[in-house]
Amino acid sequence: MHTTPSRRRIALAAAGLMLGLSISLPLSAQSFEAKDLVAAEALREAGLKSGLAYELVDSLVTEIGPRPAGSLNDQRAVDWAVAQLQRLGFANVRAEAVPLRAWKRGDAHAHVTAPFPQPLVMTALGNSVATPKEGIHAEIAYYADLDALKADASDRAHGRIVFIDQKTERTRDARGYGRAVAARIQAPLEAAKRGALAVAIRSIGTDRDRLAHTGATRYAEGVTRIPAVAVSVPDADLIARMTRYGQPIKMHLALQAEGGIAAVSHNVIAEIPGSERPEEIVMIGAHLDSWDLGPGALDDGAGVGIVTAAARLMLEAGLRPRRTVRVVLFANEENGFDGANAYAEKYKSQVHQFVGESDLGAGLVYRFQSRVRAEALPAIQRIAEALAPLGIAPGSNEATPGPDAALLMRRNAWPALELSQDGSDYFDWHHTPNDTLDKIDPAKLRQNVAAWAVMAWLAAQSPLAFGPMPAAAPAAGAARP
Ligand SMILES: [Zn+2]
């Protein structure tokens, strides 16, 4: 097949992008306007000096704190977000109702009663049902990981408390967590199918702190709903050591919880209306809710601060994007993706240039990835060049954006962009009482703001549309609440 030189160069550039090489494209009608590139540089420099993201996280965690979906604090966070976005000068600031079923934690206790009685540091997993008032007292059936439980066709788990000692590997991206988290989500289902009375897992986390990590778990129709908890990593090690003695290990577990509570939360939305194509949306998001155990500084106060501050830089610079830049602060990412599902339904007919979400804490951005139609790759290449001075390398065209954005990408086949953050220490604190403001380095947050501002601005100005995606829509993007 005949290939023109320019097409070949574009193909080469696309290939270079995949390989992380830098190949510059020739100038053509498909190029960004020079003034837009100059503005991107100015946004980048302004972002590196902006303290707004940190100020916003500080305000959110100080004035609101923990904000589990459907709680009074969640509603206060919605009011806080609306007030902040209005104060910052955005247009079309609104809170869109998201009905949901809330879950509420009660008291929880667990201890080993035999062979060596010891208290355990633990917490209920989100959605867990309660135990009977007097608790559950049973022998532990130990499994090294979820696969070991799944492979067990015996009746060893029957009438017992299943314990899953799933380890979480420390990785720069979220891959280690992604591999481990199924143990949390599927534990009660797999244990109940084998007749277990309850399930306890090693916390899905990379720390050595004596704090348990919560997070959503799931039940299935037709399978008994059994209580599910996580113990701290050192307590999991303790249980593992007890298995060496060859004697039955017994545990007493008592927890209170209430689920299925009818509640309403809100997606909070703000815009900078586009000057030429206002109906096309550049969507930069984060989630407003957090787990109940901590104030959610990293998860996802940081993301709220980053995307809001990034958009605000455009207003401060007096820039008017060609497409509409929309900030979306999603409701209930942590326990059901109700906000993302509501947004996907409400805006399904609207063209989205891309969807993106900041939801891996406050580590430095090290990589820029896309999931766009092949014809848009020259624009992606140019955005990558504008991000390079921030220490950000180009990645693949198989981006997996944050969890809400990944859901939108899957449901509505919208293009997606991803700024991959260094999450090496994120899962030390994720979903624990330790997710506090002191874990955020303001300088790293500023680099994130600069990167999001550059990416959103250039996507809004791009001469190339990023979609529509080819009919065989992207399958990937594992959601990781
Ligand atoms: Zn999150």
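The values are calculated or read from the model by the stated rules, or taken from the named source; none is laboratory data. Values in this document were obtained by computation on a predicted structure and should not be read as measured data. Cβ placement follows ideal geometry from the backbone for every residue including glycine, while neighbour counts extend to all protein chains displayed. Please note that ligands, DNA and RNA were not included when accessible areas were found on the heavy atoms of the full protein model with its side chains. Shrake-Rupley method; radii C 1.70, N 1.55, O 1.52, S 1.80 Å.
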### Taking N as its residue count, the alpha carbon Rg of the stretch 48-90 over 2.2 N^0.38 Å
1.23
### Query
In µm²/s, what is D for the chain at 25 °C and 0.890 mPa s, where D = kT/(6 pi eta Rh) by Stokes-Einstein and Rh is the Kirkwood radius from Cα pairs?
106 µm²/s
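When the expected Rg is taken as 2.2 N^0.38 Å, what fraction or multiple of it is the alpha-carbon Rg of the stretch 240-295?
Working: Rg = 24.3 Å, N = 56, 2.2 N^0.38 = 10.2 Å.
Ratio of Rg to 2.2 N^0.38 Å for the stretch 240-295: 2.39.
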### Message
Per residue, how much accessible surface does the chain expose to a 1.4 Å probe? Answer in Å², no decimals.
### Response
39 Å²
### Query
With charges only on Cβ, +1 for K and R and -1 for D and E, what is the dipole size of the stretch 287-372 about its Cα centre, in debye, rounded to 20?
800 debye
### All-pairs alpha carbon distance profile, the stretch 361-430, 5 Å steps from 0, percent
4, 17, 23, 22, 19, 11, 4, 1, 0
#### Entry: Debye, to nearest 20: dipole size of the chain, +1 on Lys, Arg Cβ, -1 on Asp, Glu Cβ
920 debye
### Query
Of the listed peptides 72-83, 245-256, what is their order by residue-averaged count of other C-beta atoms within 10 Å, with the highest listed first?
72-83, 245-256
### Query
Sorted by packing (mean other beta-carbon atoms within 10 Å per residue), highest first, where do 346-359, 106-119, 201-214 land?
201-214, 346-359, 106-119
### Query
Once every DSSP H run of n ≥ 4 in the chain is given -39500 (n - 2.57) and the sum is divided by its residues, what mean residue ellipticity at 222 nm do you get, rounded to the nearest 500 deg cm²/dmol?
-10000 deg cm²/dmol
### Message
Amide H of GLU280 versus every other amide H placed in the peptide plane: which residues, excluding those fewer than 5 positions away on the same chain, fall under 5 Å?
### Response
THR324
### Query
Cα centroid distance between the stretch 162-198 and the stretch 306-349, in Å?
32 Å
#### Entry: Zone of GLN247's modelled label, taken as backbone nitrogen in the stretch 114-144 under 18 Å from a point 7 Å along Cα→Cβ
114-120, 138-142
### Query
If packing is taken as the mean number of other Cβ atoms within 10 Å per residue, what is the order of 33-39, 218-224, highest first?
33-39, 218-224
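Can you give the Rg to Rh ratio of the stretch 72-139, both from alpha-carbon atoms, with Rh computed by the Kirkwood formula? Mind dumping the intermediate values first?
On the way: Rg = 20.8 Å, Rh = 16.4 Å.
Taking Rh as the inverse mean 1/r over Cα pairs, Rg/Rh reads 1.27.
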### Query
On full extension of the chain, what length is gained from GLU221 through SER154, given 0.36 nm per residue of separation minus the C-alpha to C-alpha distance?
21.8 nm
#### Entry: For the stretch 86-194, size of Cβ-based charge dipole, Lys and Arg +1, Asp and Glu -1, in debye
500 debye
#### Entry: Set of lysines with alpha-carbon distance to LYS49 below 22 Å, sequence-local pairs under 8 removed
LYS35, LYS439, LYS444
### Task
Putting +1 on Lys and Arg Cβ atoms and -1 on Asp and Glu Cβ atoms, find which of LEU408, GLY126, ASN434 reaches farthest to the positive end of the dipole of the chain.
LEU408
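How large is the translational diffusion coefficient of the stretch 257-396 in µm² per second when you combine the Kirkwood radius over alpha carbon pairs with Stokes-Einstein at 10 °C and 1.306 mPa s?
Translational diffusion coefficient: 95 µm²/s.
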